[in-house]
Amino acid sequence: MAEEDVWGNEPVDLGGKRESAGQARLGQPDDHWHLHAVCIQLPTDFEPHGYRVRTGPDCSCGCVWFLKLQARPSDWGVCSNPQSPRCGLLTFEHQGCPFFSSEGPGAPQPTT
């Protein structure tokens with residue numbers, strides 16, 4: 001069994017492989033691939049964006065903290081969860097984080 005962190009959460013599996021998004025290129029500001037090119041990727045993102053092995057839901061599965069962009073494309077948003085490493089960052093809906101929650105604020109549920 002893995003050691004728990006100071007908050008009692010088991011560490012996430014960062015044993016995945018991050019692959020280059022070969023289609024990433026600059027384009028129009030609201031272009032899907034332009035957003036991929038400028039989006040910050042973190043080790044805690046699901047692979048292929050980060051190193052985290054996908055074991056649970058991602059932002060597209062109804063996370064209350066994922067605020068969709070008003071402009072197209074609609075599969076992009078900003079994470080507003082203060083416990084998430086993606087908080088305040090442009091986020092593709094499938095990047096995910098360990099703090100997905102389908103419940104309201106005040107009840108963030110870490111996922112592994």
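The values are calculated or read from the model by the stated rules, or taken from the named source; none is laboratory data. Quantities reported herein were computed from a predicted structural model and do not represent experimental measurements. Heads up, the Cβs are rebuilt from the backbone with ideal geometry, glycines too, and the neighbour counts pull from every protein chain shown.
Tabulated values for the structure
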item	result
Any chance D58 is within 19 Å of V12 (Cα to Cα) and not basic (K, R)	yes
Of all residues making up segment 57-89, the number that are surrounded by 17 or more Cβ atoms within 10 Å (Cβ to Cβ) and of a type in the set (G, A, S)	2
Residue count, segment 53-79 (criterion: in contact with a strand residue (DSSP E or B) (Cβ under 7 Å, 6 or more places away or on another chain) and not hydrophobic (A, V, I, L, M, F, W, C))	6
Unique match (being farther than 17 Å from S84 by Cβ and either of a type outside the set (K, R) or at pLDDT 85 or above (or both)) among G27, G56	G27
Residues of segment 59-76 classified as at pLDDT 90 or above and either under 10 Å from the mean Cα position of the chain (by Cα) or under 11 Å from C97 (Cβ atoms) (or both), total	3
